[in-house]
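As structure tokens, the structure follows; a few thoughts come after it.
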Amino acid sequence: MANTRTVTIINGDGIGPEVMAATVRVLEALKVPLEFEYKDAGTEVVAKFGTNLPHETVEAVLRNGVALKGPTGTVVGGGLPSANVGLRKRLDLYSSLRPVKSVPNVKTRYENVDLIVVRENTEDLYAGLEHIIVPGVVESLKIITEKASTRIARFAFDYAKKNGRKKVSAVHKANIMKLSDGLFLDCCRKVGREFPEITYEEVIVDNLCMQLVKDPTRFDVLVTENLYGDIVSDLCAGLVGGLGLVPGANIGERTAVFEAVHGTAPDIAGKGIANPTALMMSAVMMLDWLDMREAARRMEGAIQKVYGNGQVRTGDLGGGSTTREFTDAIIAAL
Ligand code: NAD
């Protein structure tokens, strides 16, 4: 087929294969010009490859330029480094983009939440530079650079401009980390001056958390360093009904990996009851990124329609539908 794009599919661990199968069914039903190339990553493939991120998986994503990924498990303390962090570093996926939007008929404390979290993905405490100084004392290095801060600030303002957003809020703790977060803010201010049509503000991260739970509608685009972004974006997911609903993308100069923000959900894995909405919405972001906009709107519309009808929903949202029943409903609504 002309202009067919190949997407690397990484099922991942736990509920990954279940929500991925559901999402690929919907993409196939849309009849978009996509081909799927399945590659492995995660804890469940370590025995086979001796690593949770095989070289051929990274090579495939580089070659295809785009991947749809299920969650991969990480061992807390010890064990292999996270496959996610490895993928982001090796592909230089410097920007994490997470739209957080209210879903019809999903009752939460707020309606009309519509914000975007743009998180720097490559440095900060996530550089994983830790060492034992003497037994009982560990040093963990927070790295902030002008280059990465400017790049993420530019991504956030560019995104705001292209998507009709009005305000960018830089999230920081520069009152305490005057040098590192101070540098991040300097870069945001500098880039912000190139976008006079977009309002720029700065919010201290603890105050931001309080403001978000009081009234999330006062925010538009948030731009953050890596660690604050990790925490704030899960907080934001909670504002619209939880991890099963929120999509995400990790974007670099030429490559993008789309994935839900939730983890492997070991407590429900293999039961066929996981909510595939977050990965499906990540696939919608992928279709937009591939410029398949009509298909993206159809898929998004079908998801909204199913939630709007309120009949079919999975257990995490108080319903009794299985992953398959939910997916059938989405395909019927396309
Ligand atoms: P989790 O997101 O896996 O689960 C938290 C809770 O949310 C669980 O009760 C789970 O059942 C529920 N949940 C999550 N997704 C759901 C869905 N789609 N449908 C219904 N319910 C859902 O978080 P966790 O337990 O902290 O992490 C488990 C593993 O996942 C860890 O190894 C962690 O490192 C990994 N993880 C991976 C990613 C990723 O690959 N992007 C992200 C976060 C966590």
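The values are calculated or read from the model by the stated rules, or taken from the named source; none is laboratory data. Note that the structure is a prediction, hence the values are computed from the model and not measured. Virtual Cβ from ideal backbone geometry, glycine too; neighbours counted across all protein chains shown.
Values computed for the structure shown
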read-out: Pro99 being part of a strand (DSSP E or B) and within 16 Å of the chain's Cα centre (by Cα); value: yes
read-out: Residue list for the stretch 254-287, restricted to those being more than 6 Å from the ligand (Cβ to nearest atom), in contact (Cβ under 8 Å) with a residue 24 or more places away in the chain and among the charged types (D, E, K, R); value: Arg254
read-out: Boolean, Ala278 is outside any helix (DSSP H, G or I), under 19 Å from the mean Cα position of the chain (by Cα) and within 25 Å of Asp13 (Cβ to Cβ); value: no
read-out: Counted residues, the stretch 51-64 - those being buried (at least 18 other Cβ atoms within 10 Å of the Cβ) and assigned to a loop (DSSP other than H, G, I, E, B); value: 3
read-out: Scan of the stretch 116-126 for residues that are farther than 19 Å from Ala256 by Cα and touching a strand residue (DSSP E or B) at 6+ places or on another chain (Cβ under 8 Å), ordered by number; value: Asp124, Leu125
read-out: Selection within the stretch 209-220 - surrounded by fewer than 21 Cβ atoms within 10 Å (Cβ to Cβ) and either touching a residue at least 12 places away in the same chain (Cβ under 8 Å) or in contact with a Gly (Cβ under 6 Å, 6 or more places away or on another chain) (or both); value: Cys209, Val213, Asp215, Thr217, Asp220
read-out: Identity of the residue in the stretch 107-124, farther than 17 Å from Arg165 by Cα and crowded, with 18+ Cβ neighbours inside 10 Å, that ends up modelled with the highest pLDDT; value: Glu120
read-out: Selection within the stretch 51-91 - under 15 Å from the mean Cα position of the chain (by Cα) and β-branched (Val, Ile, Thr); value: Val66, Thr72, Val85
read-out: Residue among Gly238, Gly242 that is in a helix (DSSP H, G or I), within 15 Å of the ligand (Cβ to nearest atom) and not aliphatic (A, V, I, L, M); value: Gly238
read-out: Candidates Val113, Val134, Val103 - the one that is more than 21 Å from Gly252 (Cα to Cα) and touching a strand residue (DSSP E or B) at 6+ places or on another chain (Cβ under 7 Å); value: Val113
read-out: Any chance Leu80 is surrounded by fewer than 18 Cβ atoms within 10 Å (Cβ to Cβ), free of Cβ contacts under 8 Å to residues at least 60 places away in the same chain and part of a loop (DSSP other than H, G, I, E, B); value: yes
read-out: Of the criteria (1) within 22 Å of the chain's Cα centre (by Cα); (2) over 28 Å from Ile303 (Cβ atoms); (3) surrounded by fewer than 18 Cβ atoms within 10 Å (Cβ to Cβ), which one Lys48 fails; value: (1)
read-out: Candidates Lys107, Lys147 - the one that is of a type in the set (D, E, K, R), part of a helix (DSSP H, G or I) and out of contact with any Leu (no Cβ under 6 Å at 6 or more places or on another chain); value: Lys147
read-out: The stretch 9-26, subset more than 9 Å from the ligand (Cβ to nearest atom) and under 17 Å from the mean Cα position of the chain (by Cα), residue surrounded by the fewest Cβ atoms within 10 Å (Cβ to Cβ); value: Ile9
read-out: Any pair with Cβ under 6 angstrom, 6 or more apart, that starts in the stretch 5-18 at a residue that is in the same structural domain as Asn64 (by TED's automatic domain parsing) and ends at one that is more than 9 Å from the ligand (Cβ to nearest atom) and among the aromatic types (Phe, Trp, Tyr); value: Val7/Phe36; Ile9/Phe36; Ile9/Tyr38
read-out: Per-region count, the stretch 193-209, residues closer than 26 Å to Asp234 by Cβ, touching a strand residue (DSSP E or B) at 6+ places or on another chain (Cβ under 9 Å) and of a type outside the set (A, V, I, L, M); value: 4
read-out: Condition met for Ile198 (assigned by TED's automatic domain parsing to the domain that holds Glu120 and either in contact (Cβ under 8 Å) with a residue 40 or more places away in the chain or among the hydrophobic types (A, V, I, L, M, F, W, C) (or both)); value: yes
read-out: Of residues in the stretch 31-45 being aliphatic (A, V, I, L, M) and either within 14 Å of the ligand (Cβ to nearest atom) or within 20 Å of Leu245 (Cβ to Cβ) (or both), the one surrounded by the most Cβ atoms within 10 Å (Cβ to Cβ); value: Ala41
read-out: Qualifying residue in the stretch 217-225 (condition: of a type in the set (D, E, K, R) and assigned to a helix (DSSP H, G or I)); value: yes
